[in-house]
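Right, one structure below, let's go through it.
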Amino acid sequence: MLKKIQICFCFFLVSGILYEISLLSGCFFSYMPMPKHFLTPEQVLNLGKSIIFLETTERLEPPPLVSCSVESAARIYQDRPIILFMKGLTNDTALDLNSSYAAFSLLSSMKNVFIFPLQMETIFQETPLLQWYSQVVPEQEKNWVHVSSDASRLALIWKYGGIYMDTDVISIRPIPEESFLAAQKSRFSSNGIFGFPAHHKFIWDCMENFVLKYNGNIWGNQGPLLMTRMLKTICNLTDFKGTEDHSCQNISFLNPQRFYPIPYPAWHRYYRVWDKSPNFNHSYALHLWNFMNHNRKAVVAGSNTLAEKLYRAYCPTTYKDLIQNAELRDFTLSEDLFQGKSS
(Lines give C-alpha, C1' and ligand atoms only; values in the text may rest on other atoms or scores of the structure.)
Protein backbone atom coordinates (compact mmCIF):
# COMPACT_ATOMS: atom_id res chain seq x y z
CA MET A 1 0.00 0.00 0.00
CA LEU A 2 2.80 2.37 0.94
CA LYS A 3 4.54 1.61 -2.34
CA LYS A 4 1.39 2.47 -4.32
CA ILE A 5 1.10 5.77 -2.48
CA GLN A 6 4.76 6.55 -3.27
CA ILE A 7 4.22 5.74 -6.96
CA CYS A 8 1.15 7.99 -7.11
CA PHE A 9 3.03 10.78 -5.37
CA CYS A 10 5.91 10.50 -7.84
CA PHE A 11 3.48 10.56 -10.77
CA PHE A 12 1.84 13.79 -9.59
CA LEU A 13 5.22 15.32 -8.78
CA VAL A 14 6.56 14.58 -12.26
CA SER A 15 3.33 15.85 -13.84
CA GLY A 16 3.65 19.07 -11.87
CA ILE A 17 7.27 19.53 -12.93
CA LEU A 18 6.39 18.93 -16.58
CA TYR A 19 3.57 21.45 -16.25
CA GLU A 20 5.90 24.12 -14.88
CA ILE A 21 8.50 23.37 -17.53
CA SER A 22 5.87 23.69 -20.25
CA LEU A 23 4.89 27.14 -18.95
CA LEU A 24 8.46 28.35 -18.61
CA SER A 25 9.46 27.12 -22.04
CA GLY A 26 6.49 28.78 -23.73
CA CYS A 27 5.25 25.42 -25.00
CA PHE A 28 2.01 25.36 -23.05
CA PHE A 29 -0.18 25.03 -26.11
CA SER A 30 1.86 22.26 -27.72
CA TYR A 31 1.94 20.28 -24.47
CA MET A 32 -1.20 20.80 -22.44
CA PRO A 33 -1.23 18.61 -19.29
CA MET A 34 -5.04 18.56 -19.18
CA PRO A 35 -7.86 19.16 -21.68
CA LYS A 36 -8.27 22.91 -21.99
CA HIS A 37 -11.99 22.83 -21.16
CA PHE A 38 -11.02 21.79 -17.61
CA LEU A 39 -8.99 24.98 -17.08
CA THR A 40 -10.53 27.87 -15.15
CA PRO A 41 -10.33 31.50 -16.26
CA GLU A 42 -7.88 32.22 -13.43
CA GLN A 43 -5.56 29.39 -14.51
CA VAL A 44 -5.49 30.65 -18.08
CA LEU A 45 -5.17 34.32 -17.14
CA ASN A 46 -2.34 33.51 -14.75
CA LEU A 47 -0.32 32.20 -17.67
CA GLY A 48 0.20 35.90 -18.43
CA LYS A 49 0.11 38.07 -21.54
CA SER A 50 -3.43 37.09 -22.48
CA ILE A 51 -5.30 38.75 -25.34
CA ILE A 52 -8.74 39.52 -23.91
CA PHE A 53 -12.04 40.04 -25.75
CA LEU A 54 -15.42 40.80 -24.16
CA GLU A 55 -19.02 40.24 -25.20
CA THR A 56 -21.28 42.10 -22.75
CA THR A 57 -24.57 41.49 -24.60
CA GLU A 58 -26.55 38.30 -24.02
CA ARG A 59 -25.97 36.90 -27.49
CA LEU A 60 -24.42 33.45 -27.66
CA GLU A 61 -23.57 33.15 -31.34
CA PRO A 62 -20.48 35.22 -32.18
CA PRO A 63 -21.03 36.92 -35.56
CA PRO A 64 -18.33 36.61 -38.25
CA LEU A 65 -16.54 39.84 -37.26
CA VAL A 66 -16.15 38.67 -33.65
CA SER A 67 -14.94 35.29 -34.88
CA CYS A 68 -12.51 37.00 -37.25
CA SER A 69 -11.14 39.21 -34.47
CA VAL A 70 -10.50 36.24 -32.18
CA GLU A 71 -9.11 34.02 -34.94
CA SER A 72 -6.74 36.70 -36.23
CA ALA A 73 -5.39 37.26 -32.71
CA ALA A 74 -4.95 33.50 -32.23
CA ARG A 75 -2.92 33.33 -35.44
CA ILE A 76 -0.78 36.39 -34.70
CA TYR A 77 -0.17 35.53 -31.02
CA GLN A 78 0.21 31.75 -31.20
CA ASP A 79 2.14 31.51 -27.92
CA ARG A 80 -0.39 33.53 -25.89
CA PRO A 81 -3.85 32.68 -24.50
CA ILE A 82 -6.70 34.29 -26.45
CA ILE A 83 -9.75 34.63 -24.19
CA LEU A 84 -13.30 35.53 -25.15
CA PHE A 85 -15.49 36.34 -22.13
CA MET A 86 -19.23 36.21 -22.83
CA LYS A 87 -21.94 37.56 -20.53
CA GLY A 88 -24.64 35.32 -22.00
CA LEU A 89 -22.61 32.21 -21.35
CA THR A 90 -23.00 30.24 -18.13
CA ASN A 91 -21.23 27.17 -16.82
CA ASP A 92 -24.43 25.19 -17.50
CA THR A 93 -24.55 26.13 -21.18
CA ALA A 94 -20.83 25.89 -21.90
CA LEU A 95 -20.82 22.16 -22.65
CA ASP A 96 -23.52 22.38 -25.32
CA LEU A 97 -22.10 25.21 -27.38
CA ASN A 98 -19.80 23.30 -29.70
CA SER A 99 -22.72 21.48 -31.26
CA SER A 100 -25.08 24.48 -31.20
CA TYR A 101 -23.10 27.27 -32.82
CA ALA A 102 -20.70 27.13 -35.76
CA ALA A 103 -18.52 29.97 -34.47
CA PHE A 104 -17.98 28.20 -31.14
CA SER A 105 -16.85 25.02 -32.85
CA LEU A 106 -14.53 27.06 -35.05
CA LEU A 107 -12.95 29.06 -32.23
CA SER A 108 -12.86 26.21 -29.71
CA SER A 109 -10.83 24.11 -32.13
CA MET A 110 -7.96 26.62 -31.95
CA LYS A 111 -5.47 25.43 -29.35
CA ASN A 112 -4.87 28.83 -27.73
CA VAL A 113 -8.49 30.13 -27.73
CA PHE A 114 -10.56 29.92 -24.55
CA ILE A 115 -14.22 30.92 -24.13
CA PHE A 116 -15.45 31.65 -20.60
CA PRO A 117 -18.55 33.12 -18.93
CA LEU A 118 -18.19 36.79 -18.01
CA GLN A 119 -18.87 36.95 -14.26
CA MET A 120 -18.58 40.62 -13.40
CA GLU A 121 -18.95 40.37 -9.65
CA THR A 122 -15.99 37.99 -9.55
CA ILE A 123 -13.93 40.17 -11.87
CA PHE A 124 -14.53 43.31 -9.80
CA GLN A 125 -13.46 41.72 -6.51
CA GLU A 126 -10.52 43.54 -4.89
CA THR A 127 -10.87 46.54 -7.21
CA PRO A 128 -12.44 50.00 -6.75
CA LEU A 129 -15.16 48.91 -9.17
CA LEU A 130 -16.84 46.45 -6.79
CA GLN A 131 -18.57 49.15 -4.74
CA TRP A 132 -19.83 50.85 -7.91
CA TYR A 133 -21.09 47.53 -9.31
CA SER A 134 -22.93 46.67 -6.10
CA GLN A 135 -24.84 49.97 -6.23
CA VAL A 136 -25.53 50.45 -9.94
CA VAL A 137 -28.88 49.34 -11.41
CA PRO A 138 -28.21 47.98 -14.94
CA GLU A 139 -31.84 48.27 -16.02
CA GLN A 140 -31.71 52.02 -15.40
CA GLU A 141 -28.44 52.54 -17.26
CA LYS A 142 -28.65 54.09 -20.72
CA ASN A 143 -25.36 52.62 -21.95
CA TRP A 144 -25.00 49.53 -19.78
CA VAL A 145 -23.55 47.25 -22.48
CA HIS A 146 -20.74 49.73 -23.08
CA VAL A 147 -20.23 50.83 -19.49
CA SER A 148 -20.03 47.27 -18.16
CA SER A 149 -17.53 46.45 -20.88
CA ASP A 150 -15.44 49.53 -20.01
CA ALA A 151 -15.32 48.43 -16.38
CA SER A 152 -14.63 44.76 -17.05
CA ARG A 153 -11.65 45.39 -19.32
CA LEU A 154 -10.02 47.64 -16.72
CA ALA A 155 -10.43 45.09 -13.94
CA LEU A 156 -9.15 42.17 -16.02
CA ILE A 157 -6.07 43.99 -17.27
CA TRP A 158 -5.28 45.33 -13.80
CA LYS A 159 -5.57 41.89 -12.20
CA TYR A 160 -3.82 39.79 -14.81
CA GLY A 161 -2.11 42.02 -17.36
CA GLY A 162 -2.12 41.50 -21.11
CA ILE A 163 -3.83 43.20 -24.03
CA TYR A 164 -7.50 44.08 -24.32
CA MET A 165 -9.05 44.30 -27.81
CA ASP A 166 -12.54 45.16 -29.00
CA THR A 167 -14.31 42.40 -30.92
CA ASP A 168 -14.14 44.39 -34.17
CA VAL A 169 -10.34 44.52 -34.24
CA ILE A 170 -8.47 42.40 -36.80
CA SER A 171 -4.88 41.66 -35.81
CA ILE A 172 -2.32 41.80 -38.62
CA ARG A 173 1.06 41.76 -36.79
CA PRO A 174 2.23 41.56 -33.14
CA ILE A 175 2.12 44.66 -30.95
CA PRO A 176 5.69 45.10 -29.63
CA GLU A 177 4.72 47.26 -26.63
CA GLU A 178 3.79 46.02 -23.14
CA SER A 179 2.42 49.26 -21.61
CA PHE A 180 0.49 51.20 -24.20
CA LEU A 181 -2.60 53.17 -25.10
CA ALA A 182 -3.87 53.63 -28.65
CA ALA A 183 -4.37 57.14 -29.98
CA GLN A 184 -7.57 57.45 -31.97
CA LYS A 185 -6.37 60.89 -33.04
CA SER A 186 -3.91 63.46 -31.72
CA ARG A 187 -4.36 64.07 -27.98
CA PHE A 188 -7.23 61.59 -27.74
CA SER A 189 -6.96 58.01 -26.53
CA SER A 190 -9.26 55.14 -27.35
CA ASN A 191 -9.95 52.30 -24.94
CA GLY A 192 -10.66 49.79 -27.71
CA ILE A 193 -7.11 48.46 -27.55
CA PHE A 194 -4.65 48.82 -24.69
CA GLY A 195 -2.10 46.74 -22.86
CA PHE A 196 -0.39 46.80 -19.47
CA PRO A 197 1.33 44.42 -17.07
CA ALA A 198 -0.66 43.30 -14.05
CA HIS A 199 -1.21 45.77 -11.20
CA HIS A 200 -0.08 48.79 -13.18
CA LYS A 201 -0.76 52.04 -11.33
CA PHE A 202 -2.27 53.75 -14.37
CA ILE A 203 -5.04 51.17 -14.63
CA TRP A 204 -5.73 51.35 -10.89
CA ASP A 205 -6.00 55.15 -11.15
CA CYS A 206 -8.39 54.71 -14.10
CA MET A 207 -10.64 52.44 -12.02
CA GLU A 208 -10.70 54.98 -9.17
CA ASN A 209 -11.59 57.78 -11.59
CA PHE A 210 -14.21 55.55 -13.22
CA VAL A 211 -16.05 55.47 -9.89
CA LEU A 212 -15.33 59.06 -8.85
CA LYS A 213 -16.45 60.62 -12.16
CA TYR A 214 -19.10 58.06 -13.06
CA ASN A 215 -21.80 59.27 -15.43
CA GLY A 216 -23.45 56.49 -17.38
CA ASN A 217 -25.55 58.91 -19.43
CA ILE A 218 -22.53 60.24 -21.32
CA TRP A 219 -21.36 57.74 -23.93
CA GLY A 220 -17.64 57.13 -23.59
CA ASN A 221 -17.29 58.90 -20.24
CA GLN A 222 -16.01 55.68 -18.65
CA GLY A 223 -14.16 54.60 -21.79
CA PRO A 224 -12.11 56.72 -24.23
CA LEU A 225 -12.88 59.94 -22.34
CA LEU A 226 -11.66 58.30 -19.13
CA MET A 227 -8.42 57.10 -20.72
CA THR A 228 -7.82 60.51 -22.29
CA ARG A 229 -8.38 62.55 -19.14
CA MET A 230 -6.21 60.16 -17.07
CA LEU A 231 -3.41 60.27 -19.64
CA LYS A 232 -3.54 64.07 -19.62
CA THR A 233 -2.95 64.13 -15.86
CA ILE A 234 0.50 62.56 -16.31
CA CYS A 235 1.50 63.55 -19.85
CA ASN A 236 1.75 66.71 -21.92
CA LEU A 237 0.01 65.45 -25.05
CA THR A 238 1.07 66.92 -28.38
CA ASP A 239 -0.04 66.39 -31.97
CA PHE A 240 1.33 63.52 -34.04
CA LYS A 241 3.36 64.90 -36.96
CA GLY A 242 3.95 61.67 -38.88
CA THR A 243 3.90 58.00 -37.96
CA GLU A 244 5.91 58.39 -34.75
CA ASP A 245 4.67 57.14 -31.38
CA HIS A 246 4.73 59.20 -28.19
CA SER A 247 5.90 58.05 -24.79
CA CYS A 248 5.30 59.33 -21.27
CA GLN A 249 6.23 57.79 -17.92
CA ASN A 250 6.95 54.40 -19.56
CA ILE A 251 3.55 54.36 -21.27
CA SER A 252 3.60 54.32 -25.07
CA PHE A 253 0.90 56.41 -26.71
CA LEU A 254 0.71 54.74 -30.09
CA ASN A 255 0.14 56.63 -33.31
CA PRO A 256 -3.38 56.51 -34.81
CA GLN A 257 -1.86 54.67 -37.78
CA ARG A 258 -1.21 51.65 -35.56
CA PHE A 259 -4.91 50.75 -35.19
CA TYR A 260 -7.02 53.50 -36.78
CA PRO A 261 -5.53 54.18 -40.23
CA ILE A 262 -9.13 54.50 -41.45
CA PRO A 263 -10.79 56.94 -39.00
CA TYR A 264 -14.35 56.42 -37.78
CA PRO A 265 -16.05 58.97 -40.12
CA ALA A 266 -14.74 56.86 -43.03
CA TRP A 267 -15.59 53.44 -41.53
CA HIS A 268 -17.62 52.46 -44.61
CA ARG A 269 -14.41 52.35 -46.66
CA TYR A 270 -13.76 48.88 -45.21
CA TYR A 271 -16.86 47.68 -47.07
CA ARG A 272 -15.98 49.21 -50.43
CA VAL A 273 -13.92 47.97 -53.37
CA TRP A 274 -10.56 49.72 -53.64
CA ASP A 275 -8.67 50.22 -56.90
CA LYS A 276 -5.51 49.50 -54.92
CA SER A 277 -5.80 48.10 -51.41
CA PRO A 278 -3.73 49.86 -48.71
CA ASN A 279 -0.79 47.92 -47.29
CA PHE A 280 -1.21 49.05 -43.66
CA ASN A 281 2.55 48.83 -43.19
CA HIS A 282 2.37 51.07 -40.11
CA SER A 283 -0.45 49.15 -38.40
CA TYR A 284 -0.54 46.36 -35.84
CA ALA A 285 -4.29 45.81 -36.05
CA LEU A 286 -7.32 47.38 -37.71
CA HIS A 287 -10.43 48.64 -35.94
CA LEU A 288 -13.46 48.18 -38.20
CA TRP A 289 -15.77 50.53 -36.25
CA ASN A 290 -18.66 48.10 -35.90
CA PHE A 291 -20.48 50.54 -33.59
CA MET A 292 -20.85 52.87 -36.58
CA ASN A 293 -22.16 50.09 -38.79
CA HIS A 294 -25.86 50.71 -38.15
CA ASN A 295 -26.85 49.34 -41.56
CA ARG A 296 -25.05 46.13 -40.67
CA LYS A 297 -22.85 45.94 -43.72
CA ALA A 298 -21.42 42.43 -43.89
CA VAL A 299 -18.56 40.70 -45.62
CA VAL A 300 -19.81 38.96 -48.75
CA ALA A 301 -17.81 36.26 -50.49
CA GLY A 302 -16.63 37.42 -53.90
CA SER A 303 -17.43 41.09 -53.28
CA ASN A 304 -13.74 42.07 -53.43
CA THR A 305 -14.22 44.68 -50.70
CA LEU A 306 -11.37 45.62 -48.41
CA ALA A 307 -13.03 43.82 -45.50
CA GLU A 308 -13.34 40.62 -47.52
CA LYS A 309 -9.64 40.75 -48.37
CA LEU A 310 -8.79 41.23 -44.68
CA TYR A 311 -10.92 38.21 -43.71
CA ARG A 312 -9.27 36.05 -46.34
CA ALA A 313 -5.79 37.10 -45.22
CA TYR A 314 -6.09 37.16 -41.41
CA CYS A 315 -9.03 34.93 -40.49
CA PRO A 316 -9.28 32.43 -43.34
CA THR A 317 -11.13 29.79 -41.31
CA THR A 318 -13.86 32.26 -40.36
CA TYR A 319 -14.05 33.39 -43.97
CA LYS A 320 -14.43 29.86 -45.25
CA ASP A 321 -16.68 28.38 -42.56
CA LEU A 322 -18.94 31.31 -41.67
CA ILE A 323 -19.14 33.23 -44.94
CA GLN A 324 -18.47 31.01 -47.94
CA ASN A 325 -20.20 27.95 -46.46
CA ALA A 326 -23.13 30.02 -45.15
CA GLU A 327 -23.72 31.50 -48.59
CA LEU A 328 -23.48 28.04 -50.14
CA ARG A 329 -26.06 26.73 -47.66
CA ASP A 330 -28.37 29.68 -48.39
CA PHE A 331 -28.04 29.08 -52.12
CA THR A 332 -28.80 25.37 -51.71
CA LEU A 333 -31.82 26.18 -49.54
CA SER A 334 -33.13 28.64 -52.13
CA GLU A 335 -32.71 26.06 -54.87
CA ASP A 336 -34.60 23.49 -52.81
CA LEU A 337 -37.44 25.93 -52.15
CA PHE A 338 -37.64 26.89 -55.82
CA GLN A 339 -37.74 23.27 -56.93
CA GLY A 340 -40.37 22.53 -54.30
CA LYS A 341 -42.63 25.29 -55.62
CA SER A 342 -42.18 24.32 -59.28
CA SER A 343 -42.83 20.61 -58.77
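What FRET efficiency comes out for the pair Ser303/Ser186, r = Cβ-Cβ distance, R0 = 45 Å, nearest 0.05? Present the calculation step by step, with values, prior to reporting the outcome.
On the way: r = 34 Å, r/R0 = 0.75.
Using R0 = 45 Å, I get an efficiency of 0.85.
Multiplying the sequence separation of Thr57 and Gln140 by 0.36 nm and subtracting their Cα-Cα distance, what value in nm do you get? Walk me through the numbers on the way to the answer.
Values: separation 83, 0.36 × 83 = 29.88 nm, distance 1.57 nm.
Additional length available on full extension: 28.3 nm.
Using the basic label-point model (7 angstrom from Cα toward the beta carbon), what is the Asn325 to Trp274 distance in nanometres?
Going by the 7 Å Cα→Cβ label model, 2.9 nm.
Mind checking which lysines have their Cα closer than 21 Å to the Cα of Lys213? Skip sequence neighbours fewer than 8 apart in that chain.
The qualifying lysines are Lys142, Lys201, Lys232.
So for each of 272-281, 65-74 I average, over its residues, the number of other beta carbons within 10 Å; can you give me the resulting order with the highest mean first?
So the peptides 272-281, 65-74, ranked by packing, come out 65-74, 272-281.
Suppose the chain between Lys213 and Gln125 were pulled fully straight at 0.36 nm per residue; how much longer would it get relative to their current alpha carbon spacing? Don't skip to the end; give the middle numbers.
On the way: separation 88, 0.36 × 88 = 31.68 nm, distance 2.00 nm.
Extra length available between Lys213 and Gln125 comes to 29.7 nm.
Name the shape class, rounded, prolate or oblate, that the alpha-carbon gyration tensor gives for segment 117-173, where a ≥ b ≥ c are the square roots of its eigenvalues, rounded holds for a/c under 1.5, and otherwise prolate holds if a/b is larger than b/c and oblate otherwise. Kindly include the intermediate steps, with their values, before the conclusion.
On the way: a/c = 2.90, a/b = 1.43, b/c = 2.03.
Taking the square roots of the gyration eigenvalues as a ≥ b ≥ c, segment 117-173 is oblate.
Taking every pair of distinct Cα atoms and averaging 1/r, then inverting, what Kirkwood hydrodynamic radius in Å comes out for segment 70-182? Provide the component values of the computation, followed by the final result.
Working: mean 1/r = 0.0634 Å⁻¹.
Across segment 70-182, the inverse of the average 1/r is 15.8 Å.
Could you run the Karplus curve 6.51 cos²θ - 1.76 cosθ + 1.60 with θ = phi - 60° over segment 194-203 and give me ³J(HN,Hα) per residue in whole Hz, x for Gly and Pro?
The phi angles translate into 7, x, 8, x, 4, 6, 6, 4, 4, 5 Hz.
Enumerate the residues in segment 215-229 having an amide nitrogen under 18 Å from the point lying 7 Å beyond the Cα of Asp205 toward its Cβ.
Within reach of a label on Asp205, which here means backbone N under 18 Å from a point 7 Å along Cα→Cβ, segment 215-229 contributes 222-229.
Once a ≥ b ≥ c are taken as the square roots of the eigenvalues of the Cα gyration tensor of segment 218-329, is the result rounded (a/c under 1.5), prolate (a/b larger than b/c) or oblate (a/b not larger than b/c)? Please list the in-between numbers first.
Working: a/c = 2.60, a/b = 1.98, b/c = 1.32.
Here segment 218-329 falls in the prolate category.
As a test of reading the structure, rank Thr40, Thr56 by solvent-accessible area (1.4 Å probe, protein chains only), most first. It would help to have the intermediate numbers written out before the result.
Details: Thr40 55, Thr56 15 Å².
Heavy-atom accessible area, descending, gives Thr40, Thr56.
Which entries of Lys87/Lys297; Lys276/Lys309; Lys36/Lys111 have Cα-Cα distances beyond 18 Å here? Display every interim value, and only then the final one.
Working: Lys87/Lys297 25 Å; Lys276/Lys309 12 Å; Lys36/Lys111 8 Å.
Pairs exceeding 18 Å: Lys87/Lys297.
Round to the nearest 10 and report in Å² the accessible area of Glu121, as given by a 1.4 Å probe over the protein chains' heavy atoms.
110
Going by the alpha-carbon gyration tensor, a ≥ b ≥ c the square roots of its eigenvalues, is segment 157-248 rounded (a/c under 1.5) or, if a/c is not under 1.5, prolate (a/b greater than b/c) versus oblate? Walk me through the numbers on the way to the answer.
Values: a/c = 1.41, a/b = 1.19, b/c = 1.19.
Cα axes put segment 157-248 in the rounded bin.
The values are calculated or read from the model by the stated rules, or taken from the named source; none is laboratory data. The structure displayed is predicted, hence computed values, not measured ones. Cβ atoms come from the backbone with ideal geometry, glycine included; neighbour counts cover every protein chain shown. Calculation scope for accessible area: heavy atoms of the full protein, side chains included, ligands and nucleic acids excluded. Shrake-Rupley method; radii C 1.70, N 1.55, O 1.52, S 1.80 Å.
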